[in-house]
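Taking it in order: structure first as structure tokens, then the write-up.
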Amino acid sequence: MTVERALRTAAPHELPDVVGRELVRRYAADSVELLMADYGLTVLQRVTELPHTLPPVSVHNTPAGRAFGAQEPFVEGNFGDGSVCVHLPISVRGDRLGVLSVTLPGGDHVRACLPELTELAEVLGHEVLVAERDTDLYLRARRKDRLTLAAEMQWQLLPGRSCSRPEFDLGAQLEPAYAIHGDNFDWSATADRLTLYVSNGMGEGIEASLLTNLTVNALRNARRAGIPLADQAALADQAVYAHYRGRSHMSVLMFDFELTTGRARVVDAGSPQTLRLRDGVVERIVFDEQLPLGMFEETDYVEQDFGIEPGDRILFVSDGVYAVASPKGEAYGDAALARAVRHTRLLPAADVPRAVLRELTGHRGTPTPDDDALVVCLDWRGRGPAAP
């Protein structure tokens, strides 16, 4: 409780110093490091002032990366002086932010204080999210390379990269992480509903990012007014057309799920694709495709019904995934996507998008994509009706 109070009253940029000082005082820690996951989810970077002089830590095959990937504390063996390093995942409602690494004297007390340290890491995560409103310190630590301006705008628009609730798990990732243009995702959950948008951007650079920002904010504005899904699409369509007069448009796949029943309303306004894994079988889900937002003036949109069952995994991908060609000109397509869904079936939803994008890189044959690539994974558990 003392450490929590110290974190909540600290200046936004002082969180690493405060948590380090308190852990030294209360738990006899020898050292404390706060590491943030980068935008590409490939490394963990220490939170320090610029210029960063310490090397990043890989999320693969390192103790800190193991804690980050498994989302469980990992105790790194005894060092020469008998001390141990406890790596604690930092996440907020399923959104993975980074790792807190604490070096402690060895002994049985380490296991005893592990639950408290885990809880403190969770509190620190909440405080970091709040602090990001007032300081760039943590956002700087999330980047191992410089973001393009378009990418900066896109990442600031996103709700997070993962989200977990008793009824569902969500995970999403964009590539190229440091030069993304227009692809986007957005979600919002209430007590009874989950709304999800998957957007396939048009154009390149700043123009693509501006189009996406206009579209997503128009959809949010309509959603927050309590307007039904089809009318959200119609209002966003009008906003995009009013600005671009049909020169640019936006493809969006929109879902509104009932958490109790799994019943969903869907508006398919463009090109994002949907695959479902149910009982080990992967199939593509096809909706009645309607016009992208902003293509014509005052387009009417119609909702469709869709049902999801406990245990279902749904994958949403942009055309930068399914249309990518190999060096021989072969499109990635449904078959390769189905294989990727099966290969990643044992991974949690938060890890699936990155794993699919790695397989896509192998198919493409080049490390950097020519087009934006977006993968969103939804694992559905659902919720039974309330007891009478």
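The values are calculated or read from the model by the stated rules, or taken from the named source; none is laboratory data. It should be emphasised that the depicted structure is a prediction, and the values quoted were computed from it without experimental measurement. Heads up, the Cβs are rebuilt from the backbone with ideal geometry, glycines too, and the neighbour counts pull from every protein chain shown. Calculation scope for accessible area: heavy atoms of the full protein, side chains included, ligands and nucleic acids excluded. Shrake-Rupley method; radii C 1.70, N 1.55, O 1.52, S 1.80 Å.
A 1.4 Å probe run over the protein chains yields, for the range 22-154, 48 Å² of accessible area per residue, whole-number rounding. Cβ-Cβ distance of ARG383 and ARG25, R₀ of 35 Å, FRET efficiency by 1/(1 + (r/R0)^6): the value works out to about 0.20. Computed 3J(HN,Hα) for the range 83-99, one whole-Hz value per residue from the Karplus formula 6.51 cos²θ - 1.76 cosθ + 1.60 where θ = phi - 60°, is 7, 10, 10, 9, 9, 10, x, 10, 8, 10, 6, x, 7, 7, 9, x, 9, glycine and proline marked x. Based on DSSP H segments of at least four residues, each scored -39500 (n - 2.57), the chain has a per-residue ellipticity at 222 nm of -10500 deg cm²/dmol. The HN-Hα couplings worked out from phi for the range 255-266 by the Karplus form 6.51 cos²θ - 1.76 cosθ + 1.60 (θ = phi - 60°) are 10, 10, 9, 8, 5, 6, 9, x, 6, 9, 9, 10 Hz, whole numbers, x standing for Gly and Pro. Count Lys and Arg as plus one, Asp and Glu as minus one, and take only other residues whose Cβ is under 14 Å from that of GLU298; the net charge is then -3.
Our estimate of slack between ALA325 and ALA11, defined as 0.36 nm per intervening residue step minus the Cα-Cα distance, is 108.1 nm.
By the scheme Lys and Arg +1, Asp and Glu -1, what is the net charge of all other residues having a beta-carbon under 13 Å from that of ALA349? Combined, the nearby Lys, Arg, Asp and Glu give +1.
Comparing ALA335, ALA350, ALA151 in a Gaussian network model of the chain, where Cα atoms under 10 Å apart are tied by springs, the biggest mean-square fluctuation is seen for ALA335.
Using a 1.4 Å probe on the protein heavy atoms, what percent of the accessible area of the chain belongs to carbon and sulfur?
On the way: 8740 of 17380 Å².
Here it works out to 50 percent.
Taking a ≥ b ≥ c as the square roots of the eigenvalues of the Cα gyration tensor, the range 24-116 is classed as prolate, since a/c reaches at least 1.5 and a/b is larger than b/c.
Calculated FRET efficiency, THR42 and ASN217, Cβ-Cβ r, R0 30 Å, to nearest 0.05?
0.50
Calculated accessible area for the range 315-364 comes out at 44 Å² per residue, all protein chains present (probe 1.4 Å; ligands, DNA, RNA ignored).
Here HIS109 and HIS343 are evaluated by their C-beta separation; at R0 = 41 Å the FRET efficiency comes out at 0.45.
The range 70-120 and the range 281-348 have their alpha-carbon centroids 39 Å apart.
What you get for the chain, charging only the Cβ of Lys and Arg (+1) and of Asp and Glu (-1), is a dipole of about 600 debye around the Cα centre.
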